[in-house]
Each structure stands twice: as C-alpha cells, then as structure tokens.
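Note sheet for the following structure.
The values are calculated or read from the model by the stated rules, or taken from the named source; none is laboratory data. All figures in this text were calculated on a predicted structure; none of them were measured in a lab. Please note: Cβ atoms are built from the backbone with ideal geometry, for glycine as well, and neighbour counts cover all protein chains shown. Accessible surface areas use protein heavy atoms only, side chains included; no ligands, DNA or RNA. Shrake-Rupley method; radii C 1.70, N 1.55, O 1.52, S 1.80 Å.
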Amino acid sequence: MPDSTNPSNPGKKVSCMEMLQHILDGDATAEQQQHFKDHLDECMPCFKTYNLEVALKTLIKTKCNGNGAPQELIERIKSQISQNMPR
Amino acid sequence: MEEEIRQNYSEEEKLKVFHDEFMPHINSMYNFAYRLTFDEDDANDLVQDTYLKAFRFIESFEKGTNAKAWLFRILKNSFINDYRKKSKEPAKIDYQEVETYYNSDEVDRQITPDLRVETLQDMIGDEISNALNALDVDFRTVIILSDLEGFKYEEMAKILDIPIGTVRSRLHRARNLLKEKLSEYAKQMGYKNS
Ligand SMILES: [Zn+2]
C-alpha cells in the first residue's frame, strides 16, 4: 500500500480514494484496514467521504431490499421442480 | 463456473441442493429481477426462468460453492438475452471505464461530495430506492450486487463477465452518480447542503 498520509499532495489522493473503496467493499486485508483506520485520523477528506459512503451503503441495505418474492412465485417454482422429477 | 465438472447427484440430492442452496436466495433474486425490469410480471418470469434453468443445469453446480453468485449470473444473462432487447431502455453510452480512472481529475471533485450524512439520514422515504432505480441499468446492477447483496469484486466480475478493474471503476462511478441524484433530491427537499 502506498503511503497516503499526505492529503495535500494531489498525487496521494488517488490512493486515498482507491483505498477507501477497497475498505468499503470488504476487499482489504487486516493490515490495510488498520492502516486505513490510522489514516482516517489524519485525513479529513477520507474521514468525511468514508462516513458518507458507509451511511449510504447502510441506507441502501435497509431501503432497497424490496418486499420479498411473492408467495405464488415460490410455490410455482417448487411445484414445477417437483413435476420435473421422475417419480 | 469455470470448468464443466459434472456432479453426480441422485434425484433426491438434486432436490436437496435446490431447496437448501438455491431457494434461500429467492428474495434477493426477486428484488434484483424487479429492479432490472421494473415490472412484477417480468420479474416473476425472470426469476422462474432462472430457477428452472439452474435446476436443469444443476449437475454443473458444485455443492457448497457460491450458489448465490451462480444464480445471479444466470438471472443477469437471462435478462440480457430475453428482456433487455425488448425493453425500452436505450443501449447505454460511455461509461468512462478506463482503468486509469483513479488518475482522472474527477477524483478531486469526489472527495468533497456536496452531500452530508445528516442529509442522507433524513431521507426516510423512497428517495434512496428511487435514486437507485434512476441509474442506468449497468450502474444500478453494480450497486445492487455490491452494496445490497455484498458480493466481492471477484464474484461481481464473474457474474457480469467483466474484469475486476472494470467492476471497481463502474462501482466508483455508480456511487458518484447515486450521490449526485441524492443531492438533487436533497435540494428539492429544501435541504441546505455543505
Ligand atoms: Zn485520505
């Protein structure tokens, strides 16, 4: 992981955003996670963006789940499957 | 998924795999289908087709592997083949899916989105869902797979048949579009941002 502790250097911001996305999507190693946790204390843009992204992700999970599959659909699939089975 | 290793399931085992490993994902599958088609009948058909197809090809499914990713992949392919063509959604444009994406100027702009956590949390109605639905289908899809269903980049790459780098840049762009939508809503709702 590149050093990303200097947000005033534009070249470093790139790795900030990239790192943030990996963390957010559970694609980071334990070591990267620790590094990022430390980094949040030092980089305000990351801190703000991270909180916003986490809030958004949480909201998507709670607001976009729908009402579940219709019971008729579940029954229809089950009956079609059992009809396809040789008895 | 990669290799055609056929499993030898007894009829009883097939049913067991189907019920134990496929059926638990039906709510996620239906939600995905509905958010792709925006039509209850189409969503029903799409899910049913997917499950029947999965059962027909059950011998290429290895017990205990990622059934959910496999099902999502089948559904997504059925959607592209059977529904997307006839839907009124126009073929989509420029995704700016350059792998060098993170080097672009846009990155700076995204570091300070004009949207605040408090504003988001005030959106207690359908705003988030509507904003998601308003995205182009490819952007909508990556948000659903990642944020809603928790798939990892690698799984998404397999489901969508695209490289991992493309998954990441598409997801990045999708989230920014979603935030743009939400800050539009916020403005309409009269919030003062930033
Ligand atoms: Zn940073």
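Over 31 Å between Cα atoms: which of A:Lys78/B:Lys179; B:Lys152/B:Lys187; A:Lys57/B:Lys158 fall into that group? Beyond 31 Å between Cα atoms: A:Lys78/B:Lys179; B:Lys152/B:Lys187. With all protein chains kept in place, the per residue accessible area of the stretch B:1-51 amounts to 54 square angstrom at a probe of 1.4 angstrom. Buried accessible surface for the A/B pair, both sides summed and rounded to the nearest 100, is 4100 Å² with a 1.4 Å probe.
Carbon and sulfur atoms: what percent of the 1.4 Å accessible area of the stretch B:1-91 do they account for? Carbon-and-sulfur percentage of accessible area, whole number: 45. Charged side chains reduced to their Cβ positions (Lys and Arg at +1, Asp and Glu at -1) give the stretch B:1-91 a dipole of some 320 debye around its Cα centre.
Taking all C-alpha pairs of the stretch B:7-71, those more than 17 Å from each other amount to 39 percent. Alpha-carbon geometry of the stretch B:113-194: the Rg and the Dmax are 13.8, 42 Å, given in that order.
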